[in-house]
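The structure is given below, and queries will be raised subsequently.
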């Protein structure tokens, strides 16, 4: 019974560590959010980044920039990442706090 509980808790802690978002205050209403990844970039969207943006700007925010940074070439697919093991990159958003209602969303996306 204990083993059945330990494995899900370990996986949950692993996922939480992987989705850690760092926040740097740029000015009174501007923040730089960064998140590390080790996979090919699929988009500049991130639910963890969006959640953190709403935490630092509870009344709303406007994304000024969304960028991905890497010192070498980006991985193209997951197989390359397994072979080379060099698919790490940093996703960075710069946001400015401004009043904006939160978009309603469902499992199918924004409504």
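Laboratory data are not the source of any read-out in this text; all were calculated from the coordinates shown. Predicted model, so just to flag it, every value in this text is computed and none were measured. Cβ: placed from backbone, ideal geometry, glycine included. Neighbour counts: every protein chain shown.
Binning at 10 Å from 0, report for region 20-103 what percent of all alpha-carbon pair distances ends up in each bin.
Taking every Cα pair in region 20-103, the percentages come to 18, 45, 25, 12, 1.
Order of 87, 57 from fewest to most other C-beta atoms within 10 Å?
57, 87
If packing is taken as the average count of other Cβ atoms within 10 Å, what order do 34-47, 90-103 fall into, highest mean first?
Going from most to least packed, we get 90-103, 34-47.
Relative to the present Cα-Cα distance, how much length would full extension add between residue 64 and residue 102 at 0.36 nm per residue of separation?
Stretched out fully, the residue 64 to residue 102 stretch lengthens by 12.0 nm.
Full-extension gain between residue 47 and residue 25, please, as 0.36 nm times their residue separation minus the C-alpha to C-alpha distance.
Answer, rounded to one decimal: 5.9 nm.
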